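Below is one structure, written out as structure tokens; comments come after it.
Read-outs throughout are calculated quantities, based only on the coordinates presented, and are distinct from any laboratory measurement. In this text, all values refer to a predicted model and were calculated from it rather than measured experimentally. Virtual Cβ from ideal backbone geometry, glycine too; neighbours counted across all protein chains shown.
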Amino acid sequence: MSKNALNSTSSAGDLEALVMPHLDLACAVALKLTRDAERTERLIRETLQELLSDSSVLADGRSLKTILLSRLRANFISRYADPQPVSVRVGGRKGCRKAARELPSPA
């Protein structure tokens with residue numbers, strides 16, 4: 001999809017459809033950062049809610065994948081960064097898909 005097509009996206013439903021192809025990558029990055037399935041799920045949910053509620057997300061012409069990963073990293077740093085290492089739990093991607101399905105419908 002071209003940048004012009006992305007920039008013409010106006011509804012949250014369209015934005016959600018554009019985010020979904022990048023969800024597996026975002027889940028993998030979140031799991032790598034948090035090293036915990038539950039924290040990964042919360043981080044993905046919060047990041048997606050923030051992204052979907054921001055109607056100007058595509059106004060600057062950056063790619064959606066870049067915006068998603070940048071916000072994911074920023075949210076991790078501000079909310080979840082932990083100086084103590086935690087054990088790695090497998091299965092975080094399924095939780096990410098579940099978190100995405102549980103998002104409230106755009107108004």
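Annotations for the structure displayed:
- Scalar couplings 3J(HN,Hα) for region 20-26, obtained by applying the Karplus form with A = 6.51, B = -1.76, C = 1.60 to θ = phi - 60°, are 3, x, 9, 5, 4, 5, 4 Hz; x denotes Gly and Pro.
- Distance between the 7 Å Cα→Cβ label points at residue 80 and residue 56: 2.7 nm.
- Amide H contacts for residue 36 (H built 1.01 Å from N in the peptide plane; partners 5 or more residues away or on another chain; cut-off under 5 Å): 89.
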